[in-house]
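The values are calculated or read from the model by the stated rules, or taken from the named source; none is laboratory data. Keep in mind the model is a prediction, meaning the values are calculated, not measured. Reconstructed Cβ throughout: ideal geometry from the backbone, glycine too, with neighbour counts over all protein chains shown.
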Amino acid sequence: MQTEKDEKTGNVAKLRIKWIDDCNYELKFIESTFNFPDSILQLQKAEILKTKIVGGTDDYYLFESKSNILKNVLKDTMWIKK
């Protein structure tokens, strides 16, 4: 389970994580406290994000995610809460 929190809004999203190997995993949306319209919620439930860890430190990791629905690639930093 991966839990993500937007520090500005307090909204929380929960995703199922399936590890493929040490640096690759898939994320599937489970639920969120954000009040999404039904059309967006259905899209999120159908989406699978294939994610690759491309670098990092003890405090964060850099990743790239590709959607099975959308064509764009998300590149970002995930901070590790200790």
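Within the bounds of the stretch 2-16, is there any residue that is surrounded by 10 or more Cβ atoms within 10 Å (Cβ to Cβ), of a type in the set (D, E, K, R) and part of a loop (DSSP other than H, G, I, E, B)?
Scanning the stretch 2-16, I find at least one residue that is surrounded by 10 or more Cβ atoms within 10 Å (Cβ to Cβ), of a type in the set (D, E, K, R) and part of a loop (DSSP other than H, G, I, E, B), so the answer is yes.
For the stretch 30-42, the condition of being among the small types (Gly, Ala, Ser) and exposed (fewer than 13 other Cβ atoms within 10 Å of the Cβ) holds for at least one residue.
Annotation note: Cβ proximity below 6 Å between a residue of the stretch 70-82 that is under 23 Å from residue 46 (Cβ atoms) and a residue that is outside any strand (DSSP E or B) and among the acidic types (Asp, Glu) (sequence gap 6+ or interchain) occurs for no pair.
Evaluated against (1) under 23 Å from residue 9 (Cα atoms); (2) touching a Lys or Arg at 6+ places or on another chain (Cβ under 8 Å); (3) loosely packed, with under 14 Cβ neighbours inside 10 Å; (4) not β-branched (Val, Ile, Thr), residue 68 falls short on exactly one condition, (1). Summed over the stretch 23-56, the residues that are modelled with pLDDT of 95 or more and not in a strand (DSSP E or B) give a count of 1.
Which residue is surrounded by the fewest Cβ atoms within 10 Å (Cβ to Cβ), if the candidates are limited to the stretch 19-29 and must be of a type outside the set (A, V, I, L, M, F, W, C) and within 14 Å of residue 61 (Cβ to Cβ)? If you could, list the steps in order and put the result at the bottom.
Taking the stretch 19-29 first, the residues of a type outside the set (A, V, I, L, M, F, W, C) are 21-22, 24-26, 28.
Subsequent filtering for residues that are within 14 Å of residue 61 (Cβ to Cβ) retains 22, 24-25.
Values: 22: 7, 24: 13, 25: 18.
Among those that are of a type outside the set (A, V, I, L, M, F, W, C) and within 14 Å of residue 61 (Cβ to Cβ), it is 22.
If you go through the stretch 57-82 and pick out every residue that is part of a strand (DSSP E or B) and more than 23 Å from residue 5 (Cβ to Cβ), you end up with 2.
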